[in-house]
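Enquirer: Below: one structure in structure tokens.
Nothing in this text is a laboratory measurement; each read-out follows from the coordinates by a stated rule. Note that the coordinates shown come from a computational prediction; the quantities given were computed from them, not determined experimentally. As a convention, Cβ positions derive from the backbone with ideal geometry for all residues, glycine included, and neighbour counts pool all protein chains shown.
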Amino acid sequence: MKSTITLILALFAFSNSVFTQNVPEGYLLQYQQNFTSGKALDDIKVENPSKWGVFKAGSNFYLQCAAADSVADLPANVAVINNKIFGDFILEADVMAVKDSLGTGELCFFLGLRDLSRYYYVQLANRSDSTLHGIFLVNKSIRTRLTGNTYKVAAWKPNKWHKIRLERNILSRTIIVYLDNMTIPMMQIKDYELIMGSVGVGSLAGTSRFDNIKIWAPTVISE
């Protein structure tokens with residue numbers, strides 16, 4: 001019995017050590033959501049509310065946005081965490097893009113957002129072209145792709161849960177994205193346009209699912 005307790009404590013210490021190594025010193029858990037609460041949507045502001053909801057598969061609850069009625073130049077599905085402005089932060093989440101009639105298998109993360117005319121968004125999709133799969137800047141409602149076509153989409157599989165890690169550093173002006181492998185970046189940029197703003201999830205037009213969202217940051221400002 002004593003050896004069993006010792007083993008459990010050792011495993012806990014190891015997992016805690018791994019966790020600490022993944023989050024820089026001084027970062028605190030500022031937000032988390034697994035959508036099991038009946039009030040899960042109270043801290044999220046969504047565009048097109050009819051397209052959003054909390055769903056359940058087995059025992060797992062998740063946030064889902066439905067496909068938009070049409071594909072526009074800018075993301076149609078946007079859900080923003082209320083009353084929290086982030087500078088430096090690390091976001092982790094479980095995500096799934098549902099491949100539907102649009103065929104894009106895509107979803108988005110938003111950062112540096114003050115309004116829907118000015119923000120960054122990271123999009124993951126099952127193909128890469130001038131409008132899909134990359135890191136984008138929206139400034140005065142004009143979209144600019146900041147990444148080239150060098151980032152492969154092979155690791156991105158629609159209809160499958162993936163682990164995402166998004167790192168934002170204000171001092172270096174970097175945005176770094178990890179997919180499943182948390183040691184090798186999937187894509188990254190350096191851009192000086194925007195600084196602080198809200199953080200959110202959504203899609204350009206497709207159906208997407210989000211779960212187990214966690215955000216660590218040195219500080220967060222109430223909007």
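Enquirer: In whole Å, what is the distance between the alpha-carbon centres of the range 181-195 and the range 42-77?
Expert: Computed from Cα coordinates, the inter-centre distance equals 25 Å.
Enquirer: Do any of Lys160/Lys214; Lys51/Lys99; Lys84/Lys160 go past 24 Å between their Cα atoms, and which?
Expert: Numbers: Lys160/Lys214 20 Å; Lys51/Lys99 16 Å; Lys84/Lys160 30 Å.
Too far apart for the 24 Å limit: Lys84/Lys160.
Enquirer: Something else: Choose one of Val98, Thr174, Thr144: the residue whose Cα lies farthest towards the positive end of the charge dipole of the chain (beta-carbon charges +1 Lys, Arg; -1 Asp, Glu; about the Cα centre).
Expert: About the Cα centre, the residue reaching furthest to the positive side is Val98.
Enquirer: In terms of Cα to Cα distance under 15 Å, which aspartates and glutamates are near enough to Lys190, apart from those fewer than 8 places away along the same chain?
Expert: Here the aspartates and glutamates satisfying the reach criterion relative to Lys190 are Asp88, Glu167.
Enquirer: Mind checking the full-extension length gain between Asn82 and Asp94? Use 0.36 nm per residue of separation minus the Cα-Cα distance, one decimal, nm. Numbers along the way, then the final one.
Expert: Numbers: separation 12, 0.36 × 12 = 4.32 nm, distance 2.00 nm.
2.3 nm is the gain from fully extending Asn82 to Asp94.
Enquirer: Next up: Please order Trp161, Trp216 by the number of other Cβ within 10 Å, starting at the fewest. Please list the in-between numbers first.
Expert: Details: Trp161 14, Trp216 21.
Sorted ascending by nearby Cβ count, the order is Trp161, Trp216.
Enquirer: Need one number: nm distance between label points at Ser117 and Ser130, each 7 Å from Cα along Cα→Cβ, rounded to one decimal.
Expert: 2.5
Enquirer: Something else now. What's the angle, to the nearest 10 degrees (0 to 90), between helix 2-22's Cα axis and the longest principal axis of the chain?
Expert: Roughly 30 degrees, rounded to the nearest 10.
Enquirer: Identify which of the listed values of Cα Rg over 2.2 N^0.38 Å was calculated from the structure shown: (i) 1.29; (ii) 1.11; (iii) 1.03.
Expert: Given (i) 1.29; (ii) 1.11; (iii) 1.03, the calculated one carries the label (iii).
Enquirer: Please return the longest stretch of the chain lacking exposed loop sites, where trypsin sites (Lys or Arg not before Pro) count only if DSSP places them in a loop and at most 10 other Cβ atoms lie within 10 Å. Could the numbers behind the result be given before it?
Expert: On the way: sites that count: Lys39, Lys140.
Value returned for the longest uninterrupted segment is 40-139.
Enquirer: Order these by the 10 Å Cβ neighbour count, fewest first: Phe210, Phe86, Phe55. Walk me through the intermediate numbers first.
Expert: On the way: Phe210 23, Phe86 26, Phe55 11.
Neighbour counts put them in this order, fewest first: Phe55, Phe210, Phe86.
Enquirer: Okay, next question. Nothing charged except the Cβ atoms of Lys and Arg (+1) and of Asp and Glu (-1): what's the magnitude of the dipole of the chain about its Cα centre? Round to the nearest 20 debye.
Expert: Roughly 280 debye for the chain.
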